[in-house]
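In what follows, a structure is listed as C-alpha cells, so that the remarks can point back to it.
Values quoted throughout were computed directly from the atomic coordinates according to the rules given, and no laboratory measurement underlies them. Not measured: the values here are computed from a predicted model. Counting neighbours? That spans all protein chains shown, and the Cβs are built from the backbone with ideal geometry, glycine included.
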C-alpha cells in the first residue's frame, strides 16, 4: 500500500474505537448540519485491514455505523446502514426479502422503544414528557381550537397513608388499579398521564366543559366503587379532581394546568372524593352528590 494511502487512512479513526461518543462529537462540532454526511465520510472511507478480512470489513463498518446512529436516535439513517450491511452479506437473489424482513424487524423494535419511552414504567399510563408534548400539539390543533378541550388533575386521597400502612409495593398495586379505572372511564381520543407521584392528568380533547366534568365524575365514582377489599378488607381508595377547560383563546398550556390544579385543591379543601369545576359565573362547584356540601373553597378565578 502506498505511503499516501497509509497517511490518508491514519487520519480517520476506526469507528469501533470512536463509538457513539465520537459520533456525538462530530454532531456537536457541526450543530447546524445533518449528522449523516459526516458519518458517511467516516465510515465510507478506506479502512486498512488485513487482506483476509477485506470482504467482511465493509459489513462490520455498516453495522457499527448503524449501532452508533441508533444510539443517537437517527433511526432512519441506522436503517439504511443496516440495509447496506444485509445487502453485502446476502446474495442478489435473497437481498429484497432479507432487507425487507430486517427493516420490518427494526421498525417494530423502534416503535416499541418509542412507545415505552412515552409510558410511565409503573402504571403504563403516559408520562409527563408525553403529556407536555401532546398538550402543546393539541392546543395548536384546529379541531381543538373549535370544540375546546378539558383537562383534569386527579389526585389519590390520603395516598401517603396507604404507603405507610401497607408498604410501597402494595401502594404500587393501588396506583395501577386507579389508572385502570381512570382509563376505563375515558372517551375515545382522551388519555391519562402520570403527572407525578399519585397525581394524574386526564386530557379530554373535543369535550365541552359539561362533558369534561361528567367524564371525571364517572371516573371518580368508578374508583370509589371499585372492589378494593380484594386487596385488603379495610382498604378504601378515593380521588379528588379539578377540571379546567380551554375557554380563553388562544389557550395556554401552563394556564390550563394551573387552573386544573387550583380546582383540584378546592376539591380537597371541600372534603375530598369530589370533582371541582367552575360554573359560567366563575363560582367553584362540585359535581354530583358532593355539590350539596356547604363549605366549598372559592379560589380566585384564572384566565385559562
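Key figures for this structure:
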| quantity | calculated |
| --- | --- |
| Debye log10 I(q)/I(0) for the stretch 128-292, one point scatterer per Cα, at q = 0.12, 0.20, 0.21 Å⁻¹ | -0.50, -1.29, -1.40 |
| Mean Cβ count within 10 Å, highest first, over the residues of peptides 207-216, 237-246, 121-130 | 237-246, 207-216, 121-130 |
| Proxy reagent accessibility, fewest Cβ within 10 Å first, across 62, 168, 226 | 168, 226, 62 |
| Convex hull volume per residue in cubic angstrom - Cα atoms of the stretch 125-219 | 82 |
| Near-label residues of the stretch 209-240 by backbone N, under 18 Å of a point 7 Å along Cα→Cβ of residue 188 | 212, 215 |
| Cα convex hull of the stretch 216-258, projected area averaged across orientations, nm² | 4.0 |
| Spherically averaged projected area of the stretch 164-258 from its Cα convex hull (nm²) | 6.7 |
| Pair residue 117, residue 247: separation of 7 Å Cα→Cβ label points (nm) | 3.9 |
| Residue exposure sequence - 161, 268 - by fewest surrounding Cβ within 10 Å | 161, 268 |
| Ranked list, fewest to most other Cβ atoms within 10 Å of each Cβ, for 149, 89 | 89, 149 |
| Principal axis dimensions, largest first and in whole angstrom, of the stretch 206-304 by Cα | 48, 30, 20 |
